[in-house]
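What follows is a set of notes on a single structure, which appears directly below.
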Amino acid sequence: MEKISLEKKNKSFFRFSFFLILLIPVALITGPLLPEIISFFLVIIFFTLIYKNKDYYIFSKYHFNIFLLFYLYLVVISFFSENLFLSLKSSFFYFRFGFFYIAVCYFFEHQDQYHKKKVYFLFFIFIFIFIDALFQIIMGFNFLNQKLIHPSRASSLFGDELIMGSYIVRILPIIVGMIYFFKIKNLINLIPLLWVISIVTVFFSGEKNALGLMTILTGIYFLYSDFSYTKKIGALFLIILFSFTLINSFPQIKKRIYTEAILNSSKGIYGFSVVHYAHYKTAYSMFVDKPFFGHGPKSFRIQCKKDKFSYNHLSCSTHPHNMYLQLLSETGIIGFLFVFSIWIFCFLRLIILFFKVDKDKFKHQFNIFVTSAVFINFFPISTSGNIFNNWISYVYFMSIALFLYSLKNPGKKNA
């Protein structure tokens, strides 16, 4: 009787923890604070359960030892940074993301179908953001009376933070992966609708980088879908036609995405823009100065002010707006290889999944989308936020957790 009671208690903890995991994509809309709080409780429950159930094996799985090496490396090079406190402040507490992702993997191992219907909520959150963004771009304010900050950039529920497009393109493959994970056939049939809505929402955001990543992600979706070639060609034609109609219907957004992009980059000479080019040149100069170990986490904002690294008056920022250049400049080639190898591995796995035939269609699609999530989030040729930023780190490690779980996917329900 006592054993049955303990099993029920454990099941309740597992279910509550998995509910917290499903809250993460929603919590990210509010900013970094709520994901931090959810992650804290998730990790506390995780350590409580592995202690009670003696599940210490989890630390030998999911490549936690590699994360630990990366974490220790960040802390060590922080001690050699010119600004010890600034560097150590971002690296010392970085361990929490490792505990977060290993906890997500652990609770995915012990999940059941209890939260299946709650995935519908994540689906409808995307639809609500789309409707809210459409209303905001037309009326100048959204349903919460948040004003349009930029005439060609809707932000919806994100308010002053113009990251709606980035959020959609980075979270979309995670949501679709969960739909296949729970085998929700009703939502699987609606994925094409969700995809079109996501494309439009990203377009309304006016984020050029997000639109580029969305284009790549859509290409992956078409390439790996089980539609017939006739349907793929027909759908592609409709999307192209729809895209031209959409662009011409909102000339202010077209101006930002196309016209301003050409002007800001001097017709492509400076890549993304003159400002980004200055950041990249500065980051590269920092890398050349200390190629192996870098200048320490979060040091770009300090070092960019020095004459020997500065490219021009546009050189300085809190980070160089590309994660790999940030890693090269702040953590050297060693720190760079830790992260870049993840993207290379995902790239190779996408190739393998393309040729692989899996009898379990749901598992196969789950593997494709969670691999795509990491592939997009760590895409090298794109602008990105500060890799040590709380908000983007939870996006990164959420996608990494699901990806690593897919590699070890036992194909059974334990809870």
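Numbers at a glance
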| item | result |
| --- | --- |
| Length added when fully stretched, K232-T48, from 0.36 nm per residue minus Cα-Cα | 61.4 nm |
| Percent of C-alpha pairs per 10 Å bin, segment 174-258, short to long | 15, 46, 30, 8, 0 |
| Within the accessible area of segment 330-406 (1.4 Å probe), percent carbon and sulfur | 75 percent |
| Portion, in percent, of the accessible area of segment 32-179 that falls on carbon or sulfur, probe 1.4 Å | 74 percent |
| Coil-residue trypsin sites (Lys or Arg not before Pro) of segment 311-394, DSSP, other Cβ within 10 Å capped at 15 | K356, K359 |
| Listed residue pairs exceeding 20 Å between alpha carbons, taken from K11/K363; K116/K361; K118/K185; K11/K52; K61/K361; K183/K361 | K11/K363; K61/K361 |
| Per DSSP, loop trypsin sites (Lys or Arg not before Pro) in segment 16-61 with at most 14 further Cβ within 10 Å | K54 |
| Proximal lysines relative to K208, as straight alpha-carbon distance under 27 Å, when same-chain residues fewer than 8 apart are discounted | K147, K232, K254, K255, K267, K281, K298 |
| Simple label model, 7 Å out from Cα along Cβ direction - L69 to L193, nm | 4.7 nm |
| Cβ-based net charge around W343, under 15 Å, with every Lys or Arg adding one and every Asp or Glu removing one | +2 |
| Cα gyration tensor shape of segment 1-132, rounded if a/c is under 1.5, else prolate or oblate by comparing a/b with b/c | oblate |
| For segment 53-72 versus segment 310-370, the gap between their alpha-carbon centres in whole angstrom | 21 Å |
| Within the chain, longest stretch clear of exposed GluC sites (Glu not before Pro) (DSSP loop, no more than 16 other Cβ within 10 Å) | 162-415 |
| Rg/Rh ratio calculated on Cα atoms of segment 258-390 (Kirkwood radius) | 1.09 |
| Accessible area per residue, Å², segment 82-147 with all protein chains present, probe 1.4 Å | 47 Å² |
| Ellipticity estimate at 222 nm from DSSP helix runs (n ≥ 4, -39,500 (n - 2.57)) divided over the chain, nearest 500 | -22000 deg cm²/dmol |
| Accessible area of segment 274-415 divided out per residue, in Å², using a probe of 1.4 angstrom | 41 Å² |
| Correct option for volume of the Cα convex hull per residue in Å³ [calculated from the coordinates] among (1) 152; (2) 179; (3) 140 | (1) |
| Overall Cα dimensions of segment 290-340, principal axis frame, Å, largest first | 32, 19, 15 |
| Free-standing Cys residues across the chain, given no other cysteine C-beta under 4.7 angstrom | C105, C346 |
| Rounded if a/c under 1.5, otherwise prolate or oblate - segment 78-163, Cα gyration tensor axes | oblate |
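The values are calculated or read from the model by the stated rules, or taken from the named source; none is laboratory data. Worth saying up front: this structure is predicted, and the values here are computed from it rather than measured. As a convention, Cβ positions derive from the backbone with ideal geometry for all residues, glycine included, and neighbour counts pool all protein chains shown. All accessible areas refer to the heavy atoms of the entire protein, side chains included, with ligands and DNA or RNA removed. Shrake-Rupley method; radii C 1.70, N 1.55, O 1.52, S 1.80 Å.
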